[in-house]
Amino acid sequence: MDTTKIDGFRPWALDIQARPDTAFDLADTLGMDGHMSALSVAIFDAPNGFMLVQGLYESQAEAAAAHQALKLSDGTPSGITQLPAKDWVSETQAGLAPVKAGRFYVHGSHDADTVPNDVIAIHVDAGLAFGTGHHGTTAGCLQIFSTLLDQGVVPVKVLDLGCGAGVLAIAAAKTLNGSDIVATDIDPDAIMVTDQNIGLNNVEGEISAYVADGFESSALAGRQFDLIFANILAGPLMSLADDIVGATAPDGRVILSGILDEKAAAVTACFEAAGLKVQPQPSLEGWTSLLAQKPA
């Protein structure tokens with residue numbers, strides 16, 4: 001998407017009314033499937049015990065393609081409409097308060113003048129990529145990482161898998177001097193945003209960012225890491241479990257997130273079966289993050 005067209009942009013909304021037991025799976029699909037990844041996905045309460053799943057798209061054709069690919073059952077209430085013209089980025093940024101997670105403080109340009117002195121500031125504005133730190137999944141990862149740092153854990157090789165806006169890689173770059181930090185994402189827009197945020201946070205040269213589909217990249221082939229951030233979603237996490245464990249160095253740690261509370265047990269069991277010791281962490285906003293470690 002051309003970022004010069006965001007101001008006044010009129011996205012196309014695909015709205016689907018669903019039962020709670022299927023709404024989150026629909027949201028996962030709209031947000032993660034490579035053929036129909038939405039610009040954003042949201043879930044709202046709807047009347048009569050239903051939920052509304054909404055995906056936003058740049059064009060009507062993309063929304064229609066996503067709608068068709070879902071193969072919804074007959075009678076499922078759904079529709080596509082174009083939303084009013086707004087400065088969507090400015091409106092979103094204005095509504096995002098700074099987030100403190102452990103020693104980290106994630107803020108946008110509108111709060112740059114109010115950053116406390118006793119925090120590690122990460123400057124990220126709302127944009128094309130998921131993971132600004134304002135979501136319970138990213139904040140959960142930052143909290144776990146901050147605790148590891150407090151415990152004296154100093155990983156030398158770090159991977160931010162599915163980096164989104166690059167927040168976690170930037171957090172590592174700001175706290176781990178001389179570490180080898182790699183950030184990857186399947187979405188080229190995410191890597192573009194990550195590179196922009198690397199500049200905003202003055203950590204140029206400390207993070208290598210690549211477009212990669214899971215571990216299918218020469219940048220990751222045969223490599224092992226002391227710390228892997230994997231803030232994706234439950235389904236993709238479980239499908240990548242063996243690859244993630246294989247890329248974890250002995251005694252290395254993995255921070256898993258993007259996991260709805262009700263799916264935490266399944267993800268825990270999957271990664272334990274793959275060979276990690278897993279410690280569930282407190283839920284944030286309905287999302288669970290997991291800290292896992294590979295035997296030495």
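Please treat every number below as a calculation from the coordinates, not as lab data. Small disclaimer: the values here were computed from a predicted structure and weren't measured. With ideal geometry, Cβ positions are generated from the backbone for all residues, glycine too; neighbour counts draw on all protein chains shown.
Each of 106, 156, 254, 245 was scored by other Cβ atoms within 10 Å of its Cβ. Listed from fewest to most, they are 156, 245, 254, 106.
Between amide H atoms placed 1.01 Å from N, distances below 5 Å from residue 210 occur with 183, 184, 185, all of them 5 or more places distant or on a separate chain. Computed over region 126-293, relative contact order equals 22 percent, with contacts defined as Cα pairs under 8 Å that lie 6+ residues apart. In summary, the aspartates and glutamates within cross-link reach of residue 100, defined as a Cα separation below 17 angstrom excluding same-chain residues under 8 places away, comprise 111, 113, 118, 125, 150, 285. Between 152, 166, 275, the residue with the greatest mean-square fluctuation in the GNM of the chain (Cα pairs under 10 Å linked by springs) is 152.
For region 126-293, the alpha carbon positions stretch 38, 33, 33 Å along the principal axes, listed from largest to smallest. Taking a Cβ cut-off of under 12 Å around residue 173, the surrounding Lys, Arg, Asp and Glu residues balance to a net charge of -3, with basic ones at +1 and acidic ones at -1. One quarter of the convex hull surface built on the alpha carbon atoms of the chain amounts to 15.6 nm², the projected area averaged over directions. Name the residue from 254, 295, 212 whose Cα lies farthest towards the positive end of the charge dipole of the chain, charges +1 on Cβ of Lys and Arg and -1 on Cβ of Asp and Glu. Value: 295.
Taking the DSSP beta bridges with both ends in region 126-293, the antiparallel portion is around 40 percent. Going by neighbour counts of Cβ atoms within 10 Å, the residues 145, 44, 215 line up, fewest first, as 44, 215, 145. When +1 charges are put on Lys and Arg Cβ atoms and -1 charges on Asp and Glu Cβ atoms, the dipole computed for the chain relative to its Cα centre reaches about 480 debye. Per residue of the chain, what 222 nm ellipticity follows from adding -39500 (n - 2.57) for every DSSP H run with n ≥ 4, rounded to the nearest 500? Calculated at 222 nm, the ellipticity per residue is -9000 deg cm²/dmol. Segment residue 219..residue 243, full-extension length gain: 7.2 nm, with 0.36 nm per residue of separation and the alpha-carbon distance subtracted.
The residues neighbouring residue 107, those whose beta-carbon lies less than 15 Å from its own, together hold a net charge of -1 under the Lys/Arg +1, Asp/Glu -1 convention. Each Cα pair under 8 Å and six or more residues apart adds its separation to the average, and for the chain the resulting relative contact order is 13 percent.
Cross-link partners of residue 71 among aspartates and glutamates, defined as those whose alpha carbon lies under 19 angstrom from its own and excluding same-chain residues fewer than eight positions apart: 15, 21, 25, 28, 33, 62.
Counted by neighbouring Cβ atoms within 10 Å, the residues 57, 210 run from fewest to most as 210, 57.
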